[in-house]
Amino acid sequence: MKDSEVKMLDENDHIFIKALSDLGMSRNAATTMAYLMNVDEASSWEIEISTGLRQPEVSLAMRLMCDKSWVNMRSEKKPGKGRPMKIYSLAAPVDEIISYYEDQIYKESQATISVIKKLKVMSKQVALTSSK
């Protein structure tokens, strides 16, 4: 059997995961992204072992990240029978992924500020009407 070294997440990785989660990324996607940042590529199994996520959690996170073109996925045939392994690697720079969430938060903030301004205008109109 071939020995393979699997990188484990450290304290800084967990801080990074928490920060991404606070921005709105799912915890599972943030965890898989933190792992992929530290390796050239990894199989689903390696991600599961190193992050503590279950196979369905890794699959959902990878699907979300593939849909946004943040991750590359390729299949690699295993020796013998069975399904090919899926091998993942980051396709987008981490800064680009963070910028996506920055833009989302900016748009949400602008929408909230717009609503607040409308409410202020409406409250002044109500105040003027009720004082007559």
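The mean sequence separation of alpha-carbon pairs under 8 Å and at least six residues apart, normalised by the residue count of the chain, gives a relative contact order of 21 percent. Counting protein heavy atoms only, the chain has 55 percent of its accessible area on carbon and sulfur, 1.4 angstrom probe. Its alpha carbons give the chain an Rg and a Dmax of 22.0, 87 Å. Taking every DSSP helix (H) stretch of at least 4 residues in the chain, weighting each as -39,500 (n - 2.57) and dividing the sum by the residue count yields a mean residue ellipticity at 222 nm of -20500 deg cm²/dmol.
For the residues 94, 121, 58, a GNM of the chain with alpha-carbon springs under 10 Å puts the largest fluctuation on 121. Couplings for segment 75-87, taken from phi via the Karplus curve 6.51 cos²θ - 1.76 cosθ + 1.60 with θ = phi - 60°, read 9, 10, 5, 7, x, x, 8, x, 5, x, 7, 8, 10 Hz in order; Gly and Pro are left as x. Cα convex hull, segment 69-132: 86 Å³ per residue, rounded to a whole number. Solvent exposure of segment 1-91, expressed per residue, is 64 Å² of accessible area, with all protein chains present and a 1.4 angstrom probe.
Shape analysis of segment 12-67 based on the Cα gyration tensor places the equivalent ellipsoid semi-axes at 16, 13, 10 Å, largest first.
Annotation for segment 57-132: chymotrypsin sites (Phe, Trp or Tyr not before Pro) lying in DSSP loop with at most 14 further Cβ atoms inside 10 Å of their Cβ do not exist. Solvent-accessible surface of protein heavy atoms, probed at 1.4 angstrom with all chains present, puts 51, 32, 112 in the order 112, 51, 32, largest first. Karplus-based coupling profile of segment 116-121, in residue order and whole Hz: 4, 4, 4, 4, 5, 4, with θ = phi - 60° in 6.51 cos²θ - 1.76 cosθ + 1.60 and x standing for Gly or Pro.
The values are calculated or read from the model by the stated rules, or taken from the named source; none is laboratory data. A quick note: this is a predicted structure, and the numbers were derived from the prediction, not measured. All Cβ positions, even for glycine, are placed from backbone atoms using ideal geometry, and neighbour counts span all protein chains on display. Note: areas computed on protein heavy atoms with side chains; ligands, DNA, RNA excluded. Shrake-Rupley method; radii C 1.70, N 1.55, O 1.52, S 1.80 Å.
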